[in-house]
Amino acid sequence: MSSPSTWSGPQHRSSVLWIVTLATIAIVFDGYDLVVYGTVLPILLDDPTQLGNLSAATAGALGSYALVGVMIGAFIAGAFGDRVGRRRMMLFNIIWFSVGMGATALAHNLVTFGVLRCLTGIGIGGLVATVGAMVAEFAPPAKRNLFNAIVYSGVPAGGVVAAVLALLFADHIGWRGLFWVGALPLITLLPVAWFKMPESPRWLVARGRIAEAQAISARTGIPMPAEESPAVPSVAGAVAPSEKVGFAALTTRHLAVPTLLLGLMSFAGLLLTYGLNTWLPQIMKSAGFNAKGSLSFLLVLNGGAIVGGLIAARLADRRGPQRIVATSFCLATVALVCLTMGFPLPVLLAAVAVAGVGTIGTQVLIYGYVSNFYPTSARAAGVAWCAGFGRLGGIVGPLIGGVLIGAGISSSVAFYIFAGIALAGSVATMMVPSRGSMESSVPKRDSLPLAAAE
């Protein structure tokens, strides 16, 4: 039986909603980790008694260390996720990043802080790469872009939580208390995920473990994917003995160019996401806003990303993700240019909200686009590649901000640079080969499955 376009019954719906909810909560803490550093950065810059003397350039480097770890974690998940399963990777990474956040709260110098930020990032990167594959394999085809958007909207939602907690409690619990909040999944999320997060039947079928997949399907109501002839693999995922698995599949003739372009899209999206989340409060503080006012811009940036990202995801389900992602990048370009024009505060806030849609919200759409683009045998690797290579952009984003601010360059120049990157992201998106053109270029006898067709 192939997967239905919506729900096969109430049990199917309940199981998938549990999975989506748990994945979303996990990704909220990814977003929390991303933004909490930006919220405490002004404190660390102003008070050398916290971790030591911190320059703007060093602060940018510290912001990037976590992203180095995220990149490593994403590639690790890509290397092992298609082999060991979605559930194991999910649980392992929840434990890893929770312990890392708690340990970071105990750091007493810049070196220890930077090392622990990097180690924490490994768990976060593995999580980001895993949940995309999970949603693509559990969600009904008609709802995949929407559910991917809901899950990855956890990133800006976590940013909102970080900004709100910093506004309300930073004066009471300090930056260390804010980091301790990031360790809570170890005692809250992990126990629930242990009992409610099943392995993917689609992945089990792809690995030839049919009996296990049938048992999970019977217990959860999640439909079994179609079993297929090894000679004609298809999007449902049975892996032929000669079919390449994981990263090896990404190097095949028909996937190499799209994989490169999808990686460049993610590079641009994450550069904008991390660059703005790290430096927007400090840029606005330098422009004359007080500490709480500058944090408000961060709140609006991530709030706009949540609302706009969900609307864009519904459009992506109806019109296809490629066109919507390209349009979102263009919106970011326009909004970032508007931030250089000295508009009144209400207009600036509106522009920041639109910038959130076009940067953080766009990255949410990219994860959904990528998750549904690849066959089961390469899905975790494809998401991991885009999350990992994209994190190079995330590493560059905070560094760009640190270098520009350290050199005394105006905020307008920084916004123009970010706008140019958004425009380049739109161009890369439009260059991704369409599904139809890829299918027509593959001979029937060795046709390559495209998950976008599911």
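When 108, 172 are ordered from fewest to most other Cβ atoms inside 10 Å of their Cβ, what list results?
172, 108
What does a probe at residue 412 reach in region 331-345, counting residues whose amide N is under 13 Å from the point 7 Å along Cα→Cβ?
Counting only backbone N, you get 337-343.
Output ³J(HN,Hα) for region 255-261: one whole-Hz value per residue in order, computed from phi by the Karplus curve 6.51 cos²θ - 1.76 cosθ + 1.60 with θ = phi - 60°, and x for Gly and Pro.
10, 4, 5, x, 4, 4, 5
Peptides 204-212, 399-407: what's the order by average Cβ count within 10 Å, highest mean first? Let's see the in-between values first.
Numbers: 204-212: 17.9, 399-407: 19.4.
Ranked from most to least packed, the peptides come out as 399-407, 204-212.
For the chain, what does the helix formula give at 222 nm: sum of -39500 (n - 2.57) over DSSP H segments with n ≥ 4, over the residue count, nearest 500 deg cm²/dmol?
Taking each H run of at least 4 residues, the total per residue is -25000 deg cm²/dmol.
So what's the projected area for region 10-453, the Cα convex hull averaged over all directions, in nm²?
Values: hull surface 77.6 nm².
Dividing the Cα hull surface by four gives the mean projection, 19.4 nm².
What number, in percent, do you get for the relative contact order of region 87-172 if the mean sequence gap of Cα pairs under 8 Å and at least 6 apart is divided by its residue count? If you can, show how the numbers build up before the last one.
Details: 48 pairs, mean separation 22.9, N = 86.
The value is 27 percent.
How would you rank 86, 219, 379, 13, going from fewest to most other Cβ atoms within 10 Å of each one's own Cβ?
So the ranking, lowest neighbour count to highest, is 219, 13, 86, 379.
What's the Kirkwood radius of region 124-185 in Å, using all Cα pairs? If you can, show how the numbers build up before the last one.
Working: mean 1/r = 0.0742 Å⁻¹.
Computed over region 124-185, the radius equals 13.5 Å.
Please work out the FRET efficiency for the pair residue 14 and residue 115, using the Cβ-Cβ distance as r and a Förster radius of 56 Å; give the result to the nearest 0.05.
The computed FRET efficiency comes out at 0.85.
For region 136-147, just list the computed ³J(HN,Hα) in residue order, Karplus coefficients 6.51, -1.76 and 1.60, θ = phi - 60°, integers in Hz, with x standing in for Gly and Pro.
Residue by residue, region 136-147 yields 4, 8, 9, 6, x, x, 6, 10, 5, 4, 5, 5 Hz.
Report the label-to-label distance for residue 196 and residue 315 in nanometres (one decimal), using points 7 Å from each Cα along the Cα→Cβ vector.
That separation, rounded to one decimal, is 3.2 nm.
If you split all Cα-Cα distances of region 1-125 into 5 Å bins from zero, what percentages do you get per bin, shortest first?
2, 10, 17, 19, 15, 11, 9, 7, 4, 3, 2, 1, 0
Please compute the contact order of the chain in relative form: average sequence separation of alpha-carbon pairs under 8 Å and at least six residues apart, divided by the residue count, as a percent.
The value is 26 percent.
Could you work out the pair-distance distribution P(r) of region 346-423 from its alpha-carbon pairs, with 10 angstrom bin width and percents rounded to whole numbers?
That works out to 16, 38, 30, 14, 3, in percent per bin.
I need the Debye-formula profile for region 79-233: one equal scatterer per C-alpha, no solvent, reported as log10 I(q)/I(0) at q = 0.19 1/Å, two decimals.
-1.23
Would you mind putting 304-314, 354-364 in packing order, based on average other-beta-carbon counts within 10 Å, highest first?
Working: 304-314: 22.1, 354-364: 31.5.
So the peptides 304-314, 354-364, ranked by packing, come out 354-364, 304-314.
Size of the dipole of the chain about the Cα centre, Lys and Arg at +1 and Asp and Glu at -1 on the beta carbon, nothing else charged, in debye to 20?
680 debye
How do 315-326, 273-284 rank on mean C-beta neighbours within 10 Å, highest first?
Highest to lowest by the protection proxy: 273-284, 315-326.
Measuring from centroid to centroid over Cα atoms, what is the spacing of region 369-384 and region 314-350 in Å?
Here the two parts' Cα centres lie 27 Å apart.
Read-outs: derived from the displayed coordinates by stated rules, not from any lab. Keep in mind that this is a model prediction, so the values were computed, not measured. Please note: Cβ atoms are built from the backbone with ideal geometry, for glycine as well, and neighbour counts cover all protein chains shown.
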